[in-house]
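Here's the structure, in structure tokens; my notes come after.
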Amino acid sequence: MAWLATLPCIKKDKLLMPNPIRIFATADDVEHAFYDAIARADLESLMALWADDDEISCVHPGAPRLQGHAAIRESWGMIFERGPVHIRPRHLHVNQNMSSAVHSLIEEVKTPDDPEWQQAHIVATNVYLKTPQGWRIVVHHASIAPGAPADEQASGSGVLH
């Protein structure tokens with residue numbers, strides 16, 4: 001039985017049970033957990049929110065598209081090396097059906113060493129898929145947008161194109 005000690009799930013003669021997978025009832029619940037995990041620099045919680053699919057993708061502002069769990073995990077790990085990132089989601093627009101949801105929003109980012117909210121804002125799109133394990137994120141795409149964000153009242157008016 002000495003070989004049991006070499007397994008990663010064995011510690012001091014006790015079998016460690018993996019944390020149960022949290023089932024999210026809505027895409028909104030996943031989105032809240034996503035930004036909460038980023039604010040805590042909690043890589044494990046963040047990665048648990050992604051769908052179990054090799055086609056998941058993530059685009060950070062000014063960076064190339066990353067595809068798959070390994071590349072996404074590595075990128076968030078490098079971001080979290082500098083500490084938590086506090087993001088205030090604003091101007092949320094939702095398109096949803098029975099099995100997918102697309103959230104378009106503006107992220108205002110604050111880092112621990114930055115006492116003021118940044119003047120630039122980030123336009124983000126989060127795509128969620130309803131899976132047998134509940135709602136999961138399949139795409140996070142964030143891009144820096146020039147200028148100040150529009151007021152919430154002004155964002156709903158005007159010409160579409």
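What to note about this one:
- Flag for V127 being surrounded by 12 or more Cβ atoms within 10 Å (Cβ to Cβ), in contact with an Asp or Glu (Cβ under 8 Å, 6 or more places away or on another chain) and at pLDDT 90 or above: no
- Looking across the stretch 49-65, the residues that are surrounded by 17 or more Cβ atoms within 10 Å (Cβ to Cβ) and farther than 15 Å from T125 by Cα come down to L49, A51.
- Pick from the stretch 35-90, criterion at pLDDT 95 or above and among the basic types (K, R), ranking: farthest from the chain's Cα centre (by Cα): R65
The values are calculated or read from the model by the stated rules, or taken from the named source; none is laboratory data. Every value quoted in this text rests on a predicted model; they were computed, and no experiment measured them. For neighbour counting, all protein chains shown are included, and Cβ atoms are generated from backbone atoms with ideal geometry for every residue, glycine included.
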